[in-house]
Amino acid sequence: PQNYPTYPRTEGCLTAPDAWPAQLGAITRRPVQNWACNAHTTGRMLGRIDRAIASGHINDTSLVILAAGMNDKRQEVPDVEVVANLVSAVEKVRAVAPGAQIAILGRLATTNAEGRFCDRNTVPDQPTGAIDRKTAAFEAATQNNQRAAAAQADVQFIDIRSMTIEANSSCGLDADRFISGVTDTTTPDYNMPAHPSLAGSRFLAQQVSAVIVAAAVTGLLP
């Protein structure tokens, strides 16, 4: 927190002004509430949903995007618990806003299709790194957990990993890379190592915006 003193906060959690929710607001010109919290798990997310509900930020005209799961893998939370937490999150929203549209948002691919994490990007268009089997396995498990929860809860799953694993991972060319490396001087516009670049955040916002447009066409959202 001390490194980002100008960042706004939502009940104690930093909300980066160029993260995808802010990008979504700029694209749609609609109010967007960002209740994300750095390093949160699906279990912690349930509490954040309670606080969002108490603040009046969820109602029948809302589109609620749930995005969590990777930190659970890092903390060795069982997959069955991750899925159950995501389903519980959907149920919490539906209990107070049965008319709200809900979707589970996947994560940008950090590793590429062969499981490589390009953690050193210092030569233009020559990302370098080693096979990272653990991160690749965690990403695949998170994708599967999110997909399973979406099916069980009957909500949309936006499979971002499948969209970005071929060209936009940490191993993508500079202009295409959505995730920065650890030592990185060639990825444009990023704030934290191994996190989304501005282009990555914008891509996430565009995918969520497409969901809003589709919902408006079908009459699910105003």
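Inclusion of Gly69 among residues that are under 19 Å from the mean Cα position of the chain (by Cα) and under 24 Å from Ala148 (Cβ atoms) is warranted. Only a single criterion out of (1) surrounded by fewer than 18 Cβ atoms within 10 Å (Cβ to Cβ); (2) in contact with a His (Cβ under 8 Å, 6 or more places away or on another chain) is not satisfied by Ala68, namely (1). For segment 98-135, taking the residues that are closer than 19 Å to Met192 by Cβ, more than 18 Å from the chain's Cα centre (by Cα) and not aromatic (Phe, Trp, Tyr), the one that is surrounded by the fewest Cβ atoms within 10 Å (Cβ to Cβ) is identified as Thr122.
If a residue must be outside any loop (DSSP other than H, G, I, E, B) and within 19 Å of Glu114 (Cα to Cα), how many such residues does segment 167-200 contain?
Selection size over segment 167-200: 1.
With respect to being under 26 Å from Asn121 (Cα atoms), surrounded by 14 or more Cβ atoms within 10 Å (Cβ to Cβ) and in contact with a Cys (Cβ under 8 Å, 6 or more places away or on another chain), Gly181 fits the description.
From Ala89, Ala84, grab the single residue that is more than 24 Å from Arg202 (Cα to Cα), surrounded by 21 or more Cβ atoms within 10 Å (Cβ to Cβ), more than 14 Å from the chain's Cα centre (by Cα) and at pLDDT 90 or above. Answer to the selection: Ala89. Kindly indicate the residue of segment 160-174 that is small (Gly, Ala, Ser) and in contact (Cβ under 8 Å) with a residue 40 or more places away in the chain and also surrounded by the fewest Cβ atoms within 10 Å (Cβ to Cβ) among those meeting that condition. If we take residues in segment 160-174 being small (Gly, Ala, Ser) and in contact (Cβ under 8 Å) with a residue 40 or more places away in the chain, then Ser162 is surrounded by the fewest Cβ atoms within 10 Å (Cβ to Cβ).
The values are calculated or read from the model by the stated rules, or taken from the named source; none is laboratory data. What you see is a predicted model, and the numbers here were worked out from it, not measured in a lab. Note that we place each Cβ from the backbone using ideal geometry, even for glycine, and neighbour counts take in every protein chain shown.
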